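Novice: Structure below; questions to follow.
The values are calculated or read from the model by the stated rules, or taken from the named source; none is laboratory data. Because the structure is a prediction, the values reported are computed rather than measured. For neighbour counting, all protein chains shown are included, and Cβ atoms are generated from backbone atoms with ideal geometry for every residue, glycine included. Ligands, DNA and RNA are excluded from the accessible area calculation, which covers all protein heavy atoms including side chains. Shrake-Rupley method; radii C 1.70, N 1.55, O 1.52, S 1.80 Å.
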Amino acid sequence: MRQKRWTPYAALYELTLRCNMRCIHCGSTAGRPREKELNTEDWNTITEQLADLRCKEITLLGGEPFLQPDWYSIASTITTYGINVTIISNASCITSDIILKLRTLEPYAIGISIDGGTPLTHDSLRQHPGSFDTCIQTLEKLTNANLPTTVITTLNKNNIQELPLLRNILVKKGVAWQLQIAAPIGRFPRELALSKEEFYAAALFIATTRKTYSMREL
């Protein structure tokens with residue numbers, strides 16, 4: 001029998017554990033950087049190896065990836081190998097200069113995290129006052145720059161009731177919306193994990209939303 005060659009379709013680079021937020025659902029318990037984080041040469045070597053394996057997509061995240069000083073160099077190397085690059089951020093560090101750099105990269109997607117339909121809920125989950133307003137403003141800047149943008153919402157007991165509110169905010173903005181379930185790892189307290197009934201309610205919400213709104217509308 002011919003042996004099939006398995007190849008990694010996608011990879012995740014946790015560029016740094018440094019973060020300016022203390023999100024309660026952070027599975028990596030991000031905040032301070034690791035003592036010995038990989039340098040740019042290390043990441044570029046890994047990218048070369050993944051290119052040899054025909055990897056199609058690499059996602060940069062953290063911590064907060066834009067707090068890694070060489071994020072642009074690392075991302076640029078990824079694109080030179082013809083690999084799609086995606087970046088996931090808490091939106092707090094995305095300046096006009098970074099948006100210009102992102103446009104030169106032509107990323108597959110830029111993901112920003114919005115975890116509530118109101119500032120109170122989002123900011124409390126992120127433990128960073130003003131984060132909600134920053135996210136909404138950054139969302140507008142990214143879409144105005146014609147960058148493919150995704151909003152990522154991590155579901156837990158404190159925000160599941162605000163899904164309709166957040167949907168109303170995102171509709172007609174031309175962005176994708178990714179819902180994921182918070183897992184009781186890292187800083188996330190087990191008591192905030194969704195119950196079976198809440199998990200089912202989230203699934204019904206997703207099904208209803210997909211019938212009502214198209215990807216273009218979101």
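Novice: In region 109-151, what residues are of a type in the set (Asp, Glu) and part of a helix (DSSP H, G or I)?
Specialist: First pass over region 109-151, keeping only residues of a type in the set (Asp, Glu): 115, 123, 133, 140.
Within region 109-151, 123, 133, 140 meet the criteria.
Novice: Please work out which one of (1) under 17 Å from residue 177 (Cβ atoms); (2) surrounded by fewer than 17 Cβ atoms within 10 Å (Cβ to Cβ); (3) in contact (Cβ under 8 Å) with a residue 40 or more places away in the chain is the condition residue 143 fails and give its number.
Specialist: For residue 143, the failing item is (3).
Novice: Mind listing whichever residues of region 1-39 are outside any loop (DSSP other than H, G, I, E, B) and loosely packed, with under 15 Cβ neighbours inside 10 Å?
Specialist: Applying the first criterion (outside any loop (DSSP other than H, G, I, E, B)) to region 1-39 yields 10-14, 18, 31.
Residues satisfying the conditions are 10, 12.
Novice: Residues of region 40-53 being open to solvent by 60 Å² or more (accessible area, probe 1.4 Å) and either assigned to a loop (DSSP other than H, G, I, E, B) or of a type in the set (A, V, I, L, M) (or both), which ones?
Specialist: Selection gives 53 alone.
Novice: State yes or no: is residue 154 closer than 19 Å to residue 24 by Cα, of a type in the set (S, T, N, Q) and not in a helix (DSSP H, G or I)?
Specialist: When the stated conditions are applied, residue 154 passes them.
Novice: Answer yes or no: is there a residue in region 73-84 that is farther than 21 Å from residue 130 by Cβ, modelled with pLDDT of 95 or more, open to solvent by less than 70 Å² (accessible area, probe 1.4 Å) and aromatic (Phe, Trp, Tyr).
Specialist: No, the conditions are met nowhere in region 73-84.
Novice: Is it the case, given these coordinates, that residue 102 is touching a Lys or Arg at 6+ places or on another chain (Cβ under 8 Å), open to solvent by less than 50 Å² (accessible area, probe 1.4 Å), outside any loop (DSSP other than H, G, I, E, B) and of a type outside the set (Phe, Trp, Tyr)? Spell out the reasoning first.
Specialist: Values: touching a Lys or Arg at 6+ places or on another chain (Cβ under 8 Å): no; open to solvent by less than 50 Å² (accessible area, probe 1.4 Å): yes; outside any loop (DSSP other than H, G, I, E, B): yes; of a type outside the set (Phe, Trp, Tyr): yes.
In short, no.
Novice: Only one of 167, 210 is of a type in the set (Lys, Arg), crowded, with 17+ Cβ neighbours inside 10 Å, out of contact with any Pro (no Cβ under 7 Å at 6 or more places or on another chain) and assigned to a helix (DSSP H, G or I). Can you tell me which?
Specialist: 167
Novice: Something else about it: Would you tally the residues in region 113-140 being acidic (Asp, Glu) and open to solvent by 60 Å² or more (accessible area, probe 1.4 Å)?
Specialist: Residues of region 113-140 acidic (Asp, Glu): 115, 123, 133, 140.
Checking the rest, the ones that are also open to solvent by 60 Å² or more (accessible area, probe 1.4 Å) come to 133, 140.
Result for region 113-140: 2.
Novice: Condition (residue is assigned to a loop (DSSP other than H, G, I, E, B) and touching a residue at least 12 places away in the same chain (Cβ under 8 Å)) applied to region 196-207: is it met by at least one residue? Break it down stepwise before answering.
Specialist: So the first thing to find is which residues in region 196-207 are assigned to a loop (DSSP other than H, G, I, E, B), and the list is none.
No, because not a single residue in region 196-207 is assigned to a loop (DSSP other than H, G, I, E, B) and touching a residue at least 12 places away in the same chain (Cβ under 8 Å).
Novice: I would also like to ask the following. Just a yes or no: is a residue in region 176-189 assigned to a helix (DSSP H, G or I) and loosely packed, with under 15 Cβ neighbours inside 10 Å?
Specialist: The first filter runs over region 176-189 and keeps only residues assigned to a helix (DSSP H, G or I), leaving none.
No, that holds for no residue.
Novice: Taking the conditions exactly as written (more than 21 Å from residue 27 (Cβ to Cβ) and in contact (Cβ under 8 Å) with a residue 12 or more places away in the chain), does residue 171 satisfy them or not? Step through it out loud before you land on a result.
Specialist: Working: more than 21 Å from residue 27 (Cβ to Cβ): yes; in contact (Cβ under 8 Å) with a residue 12 or more places away in the chain: yes.
Taking the combined requirement at face value, the residue satisfies it.
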